[in-house]
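Heads up, the thing below is written out as structure tokens.
The values are calculated or read from the model by the stated rules, or taken from the named source; none is laboratory data. The shown structure was predicted, so the numbers you read here are calculated from the model rather than taken from an experiment. Note: ideal-geometry Cβ built from the backbone for every residue, glycine included; neighbour counts use all protein chains shown.
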Amino acid sequence: MKFKVLLVLFILSVSFQANAQRGVRIGYIDTEYILENVPEYTEATKQLESKVQKWKTEIEGRLNIVKQKREALNNEKALLTKELIEEREEDIFFEEKEILDYQQKRFGPSGDLMIQKKQLMQPVQDQIFQAVQDIAENKKYDFVFDKSADVVMLYSAERFDISDLVIRTITRASKRKQATNRQERKEAKEEEVVEDINDTQEARQKELDEKRAAREAAAEKRRQEILEAREAKKKAAQERRQKIIEEREKAREEKLKARQEAQNEENPSFDGDKNNEDEKED
């Protein structure tokens, strides 16, 4: 897993350097999403799930029969001879073994379920692979990753998701194969032309939307910068005004303090002269 991630990063790094001038086009698909939207696969999956449920019901029914036989044997042991008990226990043992063998045949690593899943998946996987090859060649993609695979995608912008394009490609190919006459083939061809036009329009619209979003983001950034500059000027003016007020208040306090000190110096001298005159009169 870690090796795969490092390998992908190395390939991307080399490719970015080699194609730095023209840019690298990257897309990704979500295989799980594609499978959920391919009618042939979903229908075949439903049929397989129906088979699986039938197999499970069959196994559960046989296990219940064996369980009943074992309970009956336990209840009748007191009335049976040793030979009969051993014979019935042996029969139960072989029935249980047959059930386990059947369970492995249906659900084991090489069982029917795994084989039919592979048979079910392979054609759709081939279709997905071929569709991705065609899209990558026509749209000039350098890399297409699978979001559902082992490569960890910590973030993936939706505009790089080509899963819906893959689904449309598979659907068109399926319609071509299912066309049985000239009229149906003509209609399928016309649908392809319409979808190609729609794809072109969608790509153009997406490009316009991205440019508009970029302009709006730039305008919003500029507006925020202007607001921030205005707020900074306003704050600086308030700070200067506050500083002037504080300096004036400080100067006023210092002036009052100096005046008070001057008065205090004058008053002691006056009191001393008065005391000297009183002493002379005495």
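Rundown of residues vs (1) among the hydrophobic types (A, V, I, L, M, F, W, C); (2) over 51 Å from the mean Cα position of the chain (by Cα), yes/no style:
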site: Arg70; (1), (2): no, yes
site: Leu73; (1), (2): yes, yes
site: Leu79; (1), (2): yes, yes
site: Glu83; (1), (2): no, yes
site: Glu89; (1), (2): no, yes
site: Leu100; (1), (2): yes, no
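If you filter the stretch 117-132 down to residues that are in contact (Cβ under 8 Å) with a residue 12 or more places away in the chain and farther than 30 Å from Arg25 by Cβ, you find that the one that is surrounded by the most Cβ atoms within 10 Å (Cβ to Cβ) is Leu120.
Identify all residues within the stretch 67-99 that are loosely packed, with under 13 Cβ neighbours inside 10 Å and under 21 Å from Lys56 (Cα atoms); write none if there are none. If the condition is that a residue be loosely packed, with under 13 Cβ neighbours inside 10 Å and under 21 Å from Lys56 (Cα atoms), then Lys67, Gln68, Phe93, Phe94, Lys97, Glu98 are the ones that fit. Any chance the stretch 107-116 includes a residue that's within 30 Å of Arg172 (Cα to Cα) and either exposed (fewer than 13 other Cβ atoms within 10 Å of the Cβ) or not assigned by TED's automatic domain parsing to the domain that holds Tyr28 (or both)? Yes, there is a match, as at least one residue in the stretch 107-116 is within 30 Å of Arg172 (Cα to Cα) and either exposed (fewer than 13 other Cβ atoms within 10 Å of the Cβ) or not assigned by TED's automatic domain parsing to the domain that holds Tyr28 (or both).
Of the candidates Ile115, Ile29, Ile85, Ile34, the single residue that is farther than 30 Å from Lys147 by Cβ and not small (Gly, Ala, Ser) is Ile85.
Return a yes/no flag: does the stretch 188-200 have any residue that is modelled with pLDDT of 70 or more, out of contact with any His (no Cβ under 8 Å at 6 or more places or on another chain), in a helix (DSSP H, G or I) and closer than 30 Å to Arg159 by Cα. No.
Of the residues making up the stretch 28-67, those that are assigned to a helix (DSSP H, G or I) and touching a Ser or Thr at 6+ places or on another chain (Cβ under 9 Å) are Thr31, Glu32, Tyr33, Ile34, Leu35, Glu36, Pro39, Glu40. Here Asp134, Asp142 are screened, and the one residue that is of a type in the set (Asp, Glu), under 27 Å from the mean Cα position of the chain (by Cα) and within 27 Å of Glu36 (Cβ to Cβ) is Asp134.
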